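What follows is a single structure, written as structure tokens, with notes after it.
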Amino acid sequence: MADVLDVAWATEWVRRSAAVVGEHRMELIDLDRAIGDGDHGENLDRGFKAVLVKLDNPDTPKPDSVGDVLKLVATTLMSTVGGAAGPLYGTAYLRAAKVADGPTVDAAGVAALLDAAVGGIVARGKAEVGDKTMVDAWTPAAAAALAVADGGGTATQALRAAATAARTGAESTDPLVARKGRASYLGERAVGHRDPGAESSALLLAVAADVAEAAGAGAAE
Ligand code: ADP
Ligand code: MG
């Protein structure tokens, strides 16, 4: 079985992302209500629903590359999500799209794509690891994918490692004081609450790995 991710994987990642964001909408709203303004789940749900509409629109050109799919996500999220997360996610997907400009992505490609996404988020938001933002999920995710790629692992294994690291990263935000975004206004009161953007990031990366595993990409040959 091929050790690469393709356009069908990217499309299914997006479809499942919309479903999972919908399923976790209330949870993300509650997290953002605790340390922000409560709109994160609503915004992301609206954004991914719009992505599906765009994807299913017969006037939308059929994607030829993984990057085409990610670019569609980027532009739609940028124009529909709003808040801090809209431009941050939009930039992440857009930068990822640029490095995934072929029909398939291998393990090194997964690492490059995630690294580009982190670069986009940091360029926009100027947050560092430990600031209690989505950077706390994406940075270890990209590092974990790179370690798997360097070790000769498959694209799917790289994604699974990224998802696991993002989950740990999201959980690591619980005890932190926020230094960026709305939660930073709360000071110590943010302690004990998970960052909503780190949680949604972990959910999205878990879906990426789940879809790759379900497709059988990266299975040992
Ligand atoms: P808003 O804060 O405008 O209401 P959202 O609720 O949609 O936007 O998104 C909040 C999330 O955005 C936070 O949980 C955090 O992960 C992320 N975030 C906010 N500011 C930054 C930043 N400067 N850098 C990285 N991520 C950030
Ligand atoms: Mg908010």
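May I ask you to work out the translational diffusion coefficient for the stretch 6-50 at 25 °C, viscosity 0.890 mPa s, via Stokes-Einstein with Rh from the Kirkwood sum over Cα pairs, reported in whole µm²/s?
Numbers: Rh = 10.8 Å.
Translational D for this selection: 226 µm²/s.
How do E213, E199 rank by accessible surface area computed with a 1.4 Å probe, from largest to smallest? Before the final figure, lay out each step's value.
Values: E213 90, E199 10 Å².
Largest accessible area first, the residues go E213, E199.
Solvent exposure of T168, expressed as accessible area, is near 80 Å², computed with a probe of 1.4 Å over the protein chains only. A simple rule links phi to the HN-Hα coupling: the Karplus curve 6.51 cos²θ - 1.76 cosθ + 1.60 with θ = phi - 60°, which for the stretch 122-134 gives 6, 4, 6, x, 6, 8, 10, 4, x, 7, 6, 9, 4 Hz, with x for Gly and Pro. Surface composition of the chain: carbon plus sulfur atoms hold 55% of the accessible area, using a 1.4 angstrom probe and ignoring ligands, DNA and RNA. If you count Lys pairs in the chain whose Cα atoms are under 29 Å apart, skipping same-chain pairs closer than 8 places in sequence, the total is 20. Highest GNM mean-square fluctuation among D101, D59, D68, for the chain modelled with Cα contacts below 10 Å: D59.
Compared with the dominant Cα axis of the chain, that is its longest principal axis, helix 25-35 is turned about 40°.
How much area per residue is accessible in the stretch 12-164 when the probe is 1.4 Å and only protein heavy atoms are counted (Å²)?
Values: 6370 Å² over 153 residues.
It amounts to 42 Å² per residue over the stretch 12-164.
Computed over the chain with a Gaussian network model linking Cα atoms closer than 10 Å, the most mobile of S65, S79, S172 is S79.
The values are calculated or read from the model by the stated rules, or taken from the named source; none is laboratory data. The structure presented is a predicted model; accordingly, all values stated were derived computationally and were not measured. Heavy atoms of the whole protein, side chains included, go into the accessibility calculation; ligands, DNA and RNA do not. Shrake-Rupley method; radii C 1.70, N 1.55, O 1.52, S 1.80 Å.
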